[in-house]
Every structure is written in structure tokens, then in C-alpha cells.
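What follows is a single structure, written as C-alpha cells, with notes after it.
The values are calculated or read from the model by the stated rules, or taken from the named source; none is laboratory data. Just so you know, these numbers come straight off a predicted model, no measurement behind them. A quick note on method: Cβ atoms are made from the backbone with ideal geometry, for glycine too, and the neighbour counts reach across all protein chains shown.
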There are 2 protein chains.
Amino acid sequence: MVNAAGTRAGTVDSTFIDAANEKAFARLDAADPWVVDVAPAGDVLPGYRANLVLTSGAPMEWAEYVGGQREALIGGALFEGLAATREEAIAGFDSGEIEIGACHDYAAVGSLAGIYTASMPVFVVENRAHGNIGFCNFYEGKEPRRLNYGCYDEGVHQRLLHVNTVLAPVVGEAIRRTEGVALKPLIARALRMGDEVHSRNAAASILFNREILPAILDMVRDDVPGVQESMLHLAENDYFFLRLSMAAAKASADAMIVEGSTLVSAMAFSCRGFAIKLAGLGDQWFEGPPPIHQGKLFKGHTEDEITWMGGESPITETVGLGGFAQACALSLQDYQGGSPDVMIERNREMYEITHGENGTYRIPLFSFQGTPTGVDARKVLDKGILPVMDVGLAGRDGGQIGAGVIRAPRECFEQAMNAYAERYESR
Amino acid sequence: MVNAAGTRAGTVDSTFIDAANEKAFARLDAADPWVVDVAPAGDVLPGYRANLVLTSGAPMEWAEYVGGQREALIGGALFEGLAATREEAIAGFDSGEIEIGACHDYAAVGSLAGIYTASMPVFVVENRAHGNIGFCNFYEGKEPRRLNYGCYDEGVHQRLLHVNTVLAPVVGEAIRRTEGVALKPLIARALRMGDEVHSRNAAASILFNREILPAILDMVRDDVPGVQESMLHLAENDYFFLRLSMAAAKASADAMIVEGSTLVSAMAFSCRGFAIKLAGLGDQWFEGPPPIHQGKLFKGHTEDEITWMGGESPITETVGLGGFAQACALSLQDYQGGSPDVMIERNREMYEITHGENGTYRIPLFSFQGTPTGVDARKVLDKGILPVMDVGLAGRDGGQIGAGVIRAPRECFEQAMNAYAERYESR
């Protein structure tokens, strides 16, 4: 049986679904993410192996990774010393000697191509309401050529090494000395200060710096090496916080797993396409084509250069941030195009396809209404409105070439609701 | 001859006025305020004398200061040691042994009652475009009982002493080590981050902290006393920046003095009433009754407690900030009442009575339109729209009891335009 929207979801009792969604939403809304540590991925990601490189999107075979995402995987292998040359790296992936994993399967999320290797430091974010942990690695810095944008050269190598050896140890010690930082109130505050903590993190980054400031000042007095340098680096990098908002969102969304729920618990893409998970269908991905985009390119770049090489930062939209809070961050019009009216309208539209209003994340422009939270796959199909996300845009030749707004493709929701009907219609 | 609006301004050639206003606006728009130092008022305010206490509003005789503003003057005299007891202070003011001055006459602006005494540290803000200097003293801290809100007791005394002996020396050294901080770009940035830098300074305060951070870290390493304590104090005080935005605004507005201009160059009030200056009429004040208000009171307070004890923070509105940028700071609805729609409409209305759009201060919600800048007294009368300001509200028994929006009274503009006609109609 197929319903009006072209799926069989209508065959499952809506009271059952509503109750499940209410529960999933309540769990999401109660999540309480704290960053408590920084540690190498190899030490803390569950089941991590020394020869493992993680990347964004639903898992695929090595041969399916193309373009920038393939380049990023090769760069990761080289950075980690799993191969000495590009050819060795390719051979390693070919033979399976170097393994590839999907970030989400390791409680992590990847920014753009999202490369993780064993030595890379990650934020450890504990969801104190539910006990689960989410991870995200560090922002490489402002330079448009970054490993997660498919680039690997001496500059990228040096900047990653600096993160590993100077920045992350300092930030980690500051976080431990602070005994953790509660991220949800900090994000809520940043929303009042012009951020949506996906494509704009200017306020959140300095608010985070402020949280660790007492520890940093103590560390300067204690002559901990690299503290001043690191603090100044943080102060100059408005995007620093994105990795914390991603880890916080992952730790929050992972608590949504609820039997029978049609709420989306993850959204991500690879070079092949976009994919979502539902709270009621565990770890299964439902895939569609690449997202639909509308963006603004940096000077000197053209539309035909845009390429997809992965992205899991839409975990922020999954929890009611990013595009779902863009009316908080109207100055993004400068960065990713659009007008205030369009941004506000887009943000309002998301209430049509979400289960509820966030209890913590609120929009000043909407009289502090909670952000639209918990995308309901049913509503996406019924209303024909696709979730909107604020993202960075990658270029064919690697590097960031712009920013914009994407929409998740309808096919993912159709796949998901078909699988949902199959799983639940006989109950 | 009296025109439709009840004044004689119509007798002066409008081409002459327009040209003068264009010049005054251009000077205001080109102002480039930098904070370059912190020093005791007695050392740097032009013509300051050891027995002088400054307060807000057009100058008055001692006997005219009543209620909280009188209490604040007495508190100032006691704090400075100009008198040992309240009775001695009153006798000192009576005899003229303790002198009273108006902040504006000393290139300074006062927050609320605005008390300055010789030992109080002030920010020294240099307008690098025009060479003039503006001053403002320090925020006392979050405690609602503050000298500038008409309170003086042991707690107030200790907090002021802490500013004098610990906080200001540290901030001063950090500013000098930084070789000054450009305030205009910082304010422009804060407007993108939810501030209007009058009643909301959360972003500007941490952006300022970030500017002096390298110096602060060096000072920690150099074991400068009080640095950690001071930096943590700054980090916790979201209102810290207001005094810098006031000094920046004063240094900017003072550059507007232009023959023939009807633009407002200052707005201030005392316990007696509101007053304005015009750019084309030098230092003369034009007075009216107290402002018209609409506010939100802190819990436990009632409307009948509201009292006027001075305020010169409307210097921020004079330069296109505060109420003239409140569409940047919609989360103020929480603090001072109102709704986003009302705030946005109020902000838009100000374009009706201003000369131009600010070239630096811009409103994301209005597609980065410059803030309405340079109140034209002619337009205020012609349109019947009164300038709007975001302010803190003082209580009869001292202390802050709420916050809200005030409007300058029409009478000030009538007085000013009558004087203008008298001065210019014969040219």
C-alpha cells in the first residue's frame, strides 16, 4: 500500500508514531552535552584501529570514493604515516591494509570530507542526560586549503601537526582544568549573538574561549608550553567552535534512538549522495542523490567548480541549529548569499516539518520561539518541504570556494519511510 | 515668524542648512575613535580640579539637584574624601567648596547620574580622524546598587575602590601595551552579534577582551598584579563595554560642531529634565521636561518607583547606536520589554528623523543598511517623531530597578530650533 506521498508510511498507526516521536523529541530536547576532554581519536573512538581512516557519509567501498573525498582519504593516510607516498596509500586502500570507516559508526561526525586518523585529537563530548559520548576533531584554521576540503600538501601537513602537537594539548588541558564546559547554554547564548553554530560560530567561539579563560590564565602562570600561541590562535578563528557544536549535536542526536520514531537522527553526505537515518530505524542509512544547493562563491570561483566531497555538519540542523536557526544569524547573508527575508522565511518553513520547538535554543527575532527541532520524515513528504542546511562549498580542485544553503533530497525520505513501513506495518 | 511646526526654523534657507548638515554628518561618519589609555579623571579631563564632582545633564545649581542625583553627588564627594560625612558634603556643596560640573563640559559623558571625581579612572578615547578626545569612567559592576544609580554605602565604596586600584590599572596597562584599540570596527562587529552597545554590550565586551588578550597574557607572564582577577571580572561583566561605546560616541559627536547644522550633537538628562545640543549652536543646551518612558521593571519593583537622576548614555543614539540600532539587538526584548516587531518598527522610524545612514554601523536585519544617524531637529519637529533611546531605569530609593525605552521630549527640539532661527535668520 502506497500513500499519497508515494510511500507506505500511512499503513502504520499514527498514534503509535506520534507517541514515539514525542519520546524521541523529548530525549533530544533533554540532551545535555558537555565537552570534557580532548584525546587522540585512536585512544577514545570506540573500536578505533591504527590503520583506520574515517570519512563522511554513509559507508562505501574504497572504489566509490572519488574526487576530493578520495584525495582527502589519501591525504589522511599520508598524514598518519600509513603510507609514504600517494601510490603506497592507494595500494594500501586497494588491498584493505588501510581501512576506511564512516565517522558516524564511531560516534563521530566529520566536517566536510571529515577525515579522522588515529593520532588526530578529538573533542570528547559527554551527553550528561543520557550518558553517551560524541566526538569531533579540530578545525584546521582559516586557510581555504584544508585536508577536510580534499587538500594535502606541506602546508596542510604542518597545520594539522600544529593542531596535534600544540593547539589540542593546550585546549585539552584547559578543558580538563575547567572540569568540562556545558555546551548547550553556551550555544543558546550564541544564538542571541548572531550565530547559528553551523556556518556562523563567531560568538560561540569567543564564548568558549571565555569559559576556558581562567584555566588558560593559570596555565600561562604555570608556564605550560604553547598556551599563549594557542589562545591567540583560538581568538582569531571564528570557526573554531563548529567542531564543538557538531560533537554536541552528535551526542544529542544519538540519544534519539526510539522504537517507532520517524524523526531524523542524522543527515550526512558523501561524494555519492545525501543520506539520513531515522530514530526508529537504528543505524541504517537512507540514501539519495547529492543535495540541492544555492550558494555564494568566493571571488574568482565559478558555479561549475562546486563539488561534493562529504559533509556531516548537518548534524547541527538535525538538532535544531544551523539552517533551522538561521534567523538568528542574518549576517550570514554576507557569507552565503540570500537576503534577510529569504533567511527568515526559510527558517519559519522548518516549523512545518519538525516535531516541536526546542526548549533551549531560541530565536530572538521570533520572540524567543524555540528553534524548529526534530525533522519528521512523514512531514517532509506530506508537506513537500525539504530540510535546509547552511554549509561550506568545496571546489573541484580542493579547498573551500564558497558557502551556501543546501536542501536534503526527497529521495532519502522516501527510502526511509518505505523501510519504516516495512519494519513497522506488521506490528 | 513661526512655521507650521511651531518654530521659526523655516526662516533660514534650507539649502544652507542641508549643506551644513551634510558636513556635520560627514564629520560624524568619518570619526575614528580609539581607546588609547586609562588615567585618573583629575589628570586628563581638561580643566579638572581636585574639588570638582561631575554629574550628568545640562549644568545646574547645587540646590536644583534632587533625589538620586543629589545622593550621587554626595556619594561622590564622600568617595573622593572631599568630605568626611554626609553633612560635611552637603555643607561643602552649599558653600561652593566642593564644586559641581557637567560631564559634557569636560569632554566626558556620564552613565546615569554620571559621577566623576578626580581619582576615578577614565577611558581616554582619541578620535583619530579629528584629533579630539572623549572620556568615560568605568562600569562599577553588576550589583544594582551603584554610585551612578544614586547609592553610596560601604559596598559601593569598596567596588569603586577596586576599580580605582585593581581593575583600571590592569585595563590601562593592557590598552597601552596593545597601543590602542580601534573602537569603530569593534562596534560594527558587535552590531552583527546582537548588541546595540547601549543597553546590550555582551558581544562588544568580549570582543574588547579579545583585543587586549595578547597583552593580558603577556602581563600574566610578567606577574603584573591583579591581572587574572581583572580579566575574570571583565569576562563576567557584559556591560563593561558601555563606557567605551559612550566615550567613543562622545569623541565622535564632538567632531560635529559645524556652523549652521541642525543635527543633534548631544542628548542628556538630569533629575530636572532632558536636554539636547545642536551641531550648529555650540555648547548651548536646550531643555525640556524629563523623557517619556516605556519600560520593564525588575521583579519586586513598581512603575511609581521610577525616577530620573541623570543620563548621558544617549550619546550612543546621537551617533546612530543604541535605540537607533535596536533591530540588531532583539534579545533586548527580554531585558527592556517590547516585541521584535515593535523594536524593528521603532528602529525603522528613526530613518525619518535622521540625516543619513551610517557608513560603518550596519543592521543585518535591514540587509546591512547603515543605522539611521544624525538626528535632524528640523525633521523631529516636521515629522512629529521623537528620538528613541534604550536606557536603564533608576529607582526612587537608588539602584537600577529596570530598563526600557525613552523618547526625547519635543520641547527640547522646539527650544533648539527657535534659538537656531534667532542665531541664523539674519544671515
> In segment B:1-44, what residues are touching a Leu at 6+ places or on another chain (Cβ under 8 Å), of a type in the set (A, V, I, L, M, F, W, C) and either at pLDDT 95 or above or loosely packed, with under 14 Cβ neighbours inside 10 Å (or both)?
Replying inline: B:A24, B:F25, B:L28, B:W34, B:V35, B:A41
> Counting just the residues of segment A:286-323 that are of a type outside the set (A, V, I, L, M, F, W, C) and in a strand (DSSP E or B), which one comes out nearest to the chain's Cα centre (by Cα)?
Replying inline: A:G311
>> For the structure I just gave you, tell me whether A:G226 is within 14 Å of chain B (Cβ to nearest Cβ) and either out of contact with any Gly (no Cβ under 9 Å at 6 or more places or on another chain) or of a type in the set (F, W, Y) (or both).
In response: yes
>> Let me confirm something: among A:N201, A:N164, A:N209, which residue is in contact (Cβ under 8 Å) with a residue 24 or more places away in the chain and away from chain B (no Cβ under 13 Å)?
In response: A:N164
>> Filter segment A:250-285 down to the residues that are over 14 Å from the mean Cα position of the chain (by Cα) and hydroxyl-bearing (S, T, Y) and list them by number.
In response: A:S261, A:T262
> Before we move on, is B:D195 at the interface with another protein chain (Cβ under 10 Å from one of its Cβ atoms), surrounded by fewer than 22 Cβ atoms within 10 Å (Cβ to Cβ) and touching a residue at least 40 places away in the same chain (Cβ under 8 Å)?
Replying inline: no
> Does B:M219 count as outside any strand (DSSP E or B) and either within 12 Å of chain A (Cβ to nearest Cβ) or buried (at least 19 other Cβ atoms within 10 Å of the Cβ) (or both)?
Replying inline: yes
> How do the pairs read when you match residues in segment B:375-403 that are outside the structural domain of B:Y152 (by TED's automatic domain parsing) with residues anywhere that are aromatic (F, W, Y) and surrounded by fewer than 20 Cβ atoms within 10 Å (Cβ to Cβ), using Cβ under 8 Å and keeping only pairs 6 or more apart or on different chains?
Replying inline: B:Q400/B:F298; B:I401/B:F298; B:G402/B:F298; B:A403/B:Y335
> Looking at segment B:168-181, which of its residues are over 19 Å from B:D32 (Cα atoms), within 21 Å of the chain's Cα centre (by Cα) and either buried (at least 22 other Cβ atoms within 10 Å of the Cβ) or among the aliphatic types (A, V, I, L, M) (or both)?
Replying inline: B:A168, B:V171
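Quick check on this structure: which one of A:Q284, A:Q228 is modelled with pLDDT of 95 or more and surrounded by fewer than 24 Cβ atoms within 10 Å (Cβ to Cβ)?
Numbers: A:Q228 fails: modelled with pLDDT of 95 or more.
Criteria check complete, one pass: A:Q284.
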> Among the residues of segment B:336-359, is any closer than 24 Å to B:L393 by Cβ and among the aromatic types (F, W, Y)?
Replying inline: no
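Scan B:S265, B:S261, B:S331 and give me the residue that is among the polar types (S, T, N, Q), in contact with a helix residue (DSSP H, G or I) (Cβ under 7 Å, 6 or more places away or on another chain), in contact (Cβ under 8 Å) with a residue 24 or more places away in the chain and within 30 Å of B:I74 (Cα to Cα). Lay out the reasoning, then the answer.
On the way: B:S261 fails: within 30 Å of B:I74 (Cα to Cα); B:S331 fails: within 30 Å of B:I74 (Cα to Cα).
Result of the check over B:S265, B:S261, B:S331: B:S265.
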> Is there a residue in segment B:330-351 that is assigned to a strand (DSSP E or B) and more than 14 Å from chain A (Cβ to nearest Cβ)?
Replying inline: no
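For B:H157, are the conditions met, namely being more than 14 Å from every other protein chain (Cβ to nearest Cβ) and in contact with a helix residue (DSSP H, G or I) (Cβ under 8 Å, 6 or more places away or on another chain)?
yes
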> Only one residue in B:P214, B:P225 is more than 18 Å from the chain's Cα centre (by Cα), part of a helix (DSSP H, G or I) and not assigned by TED's automatic domain parsing to the domain that holds B:I315. Which one?
Replying inline: B:P214
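Could you please let me know if B:V391 is modelled with pLDDT under 95 and closer than 26 Å to B:M417 by Cβ? Before you say what the answer is, go through the steps one by one.
Working: modelled with pLDDT under 95: yes; closer than 26 Å to B:M417 by Cβ: yes.
Answer is yes for this residue.
The rows are residues; the columns are (1) more than 23 Å from B:S56 (Cα to Cα); (2) over 19 Å from the mean Cα position of the chain (by Cα).
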position	(1), (2)
B:D334	yes, yes
B:E349	yes, yes
B:G356	yes, yes
B:L365	yes, yes
B:G370	yes, yes
B:G399	no, no
B:E414	no, yes
B:A419	no, yes
B:E422	yes, yes
> Looking only at segment B:182-192, which residues are buried (at least 21 other Cβ atoms within 10 Å of the Cβ) and either farther than 14 Å from B:S252 by Cβ or more than 21 Å from the chain's Cα centre (by Cα) (or both)?
Replying inline: B:A190, B:L191, B:R192
>> Being surrounded by fewer than 17 Cβ atoms within 10 Å (Cβ to Cβ) and either more than 24 Å from B:N237 (Cα to Cα) or modelled with pLDDT of 95 or more (or both) is true for just one of B:G155, B:G110. Which residue is that?
In response: B:G155
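Residues to consider are B:E126, B:E97; find the one that is charged (D, E, K, R) and closer than 23 Å to B:A30 by Cα. Step through it out loud before you land on a result.
On the way: B:E97 fails: closer than 23 Å to B:A30 by Cα.
Residue meeting the stated conditions: B:E126.
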> Out of curiosity, is B:R176 over 29 Å from B:K296 (Cβ atoms) and basic (K, R)?
Replying inline: yes
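Within the group A:E317, A:E305, which residue is surrounded by fewer than 20 Cβ atoms within 10 Å (Cβ to Cβ) and acidic (D, E)?
A:E305
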> Among the candidates B:E87, B:E97, which residue alone is out of contact with any Phe, Trp or Tyr (no Cβ under 8 Å at 6 or more places or on another chain), surrounded by fewer than 24 Cβ atoms within 10 Å (Cβ to Cβ), modelled with pLDDT of 95 or more and in a loop (DSSP other than H, G, I, E, B)?
Replying inline: B:E97
